[in-house]
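Just so it is clear, none of the values below were taken in a lab; they were calculated from the coordinates. What you see is a predicted model, and the numbers here were worked out from it, not measured in a lab.
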């Protein structure tokens, strides 16, 4: 198991989110790689904790990385946050994004 790609993964995820114009517009550019300090924006995206697990097998070493991307909103209801979460999914999962970590 290795933590070697953890920082690279966080950087790649952050850059992918920031690079998406529609997502940036939806949260007024409030995308953080840690929770914001001070008064939080009305809606924002924050990269959170990550967890690494051994994924080695007989063919070689490997590590599974699970990480949290949070949408935080002070608005009433969940629709705005769900729409932002959907955009995040499109960027990270549906868009065929290559993290370049192979």
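Data table
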| item | result |
| --- | --- |
| The chain: most fluctuating residue of 92, 49, 17 per GNM, C-alpha cutoff 10 Å | 49 |
| Scattering profile of segment 6-94 at q = 0.11, 0.16, 0.22 Å⁻¹ [log10 I(q)/I(0), Debye over alpha-carbon scatterers] | -0.35, -0.67, -1.09 |
| Angle between the chain longest axis and helix 6-19 axis [Cα atoms, degrees, rounded to 10] | 40 degrees |
| Inter-part distance where segment 58-76 and segment 1-54 are each reduced to a Cα centre, Å | 10 Å |
| GNM flexibility winner over the chain from 78, 67, 14 (Cα, springs under 10 Å) | 78 |
| Helix axis angle, 79-89 relative to the chain longest principal axis, alpha carbon, degrees | 30 degrees |
| Among 63, 39, 25: highest mean-square fluctuation, GNM of the chain, C-alpha pairs under 10 Å | 39 |
| Sum of -39500 (n - 2.57) over DSSP H runs of 4+, divided by residues of the chain (222 nm, nearest 500) | -9000 deg cm²/dmol |
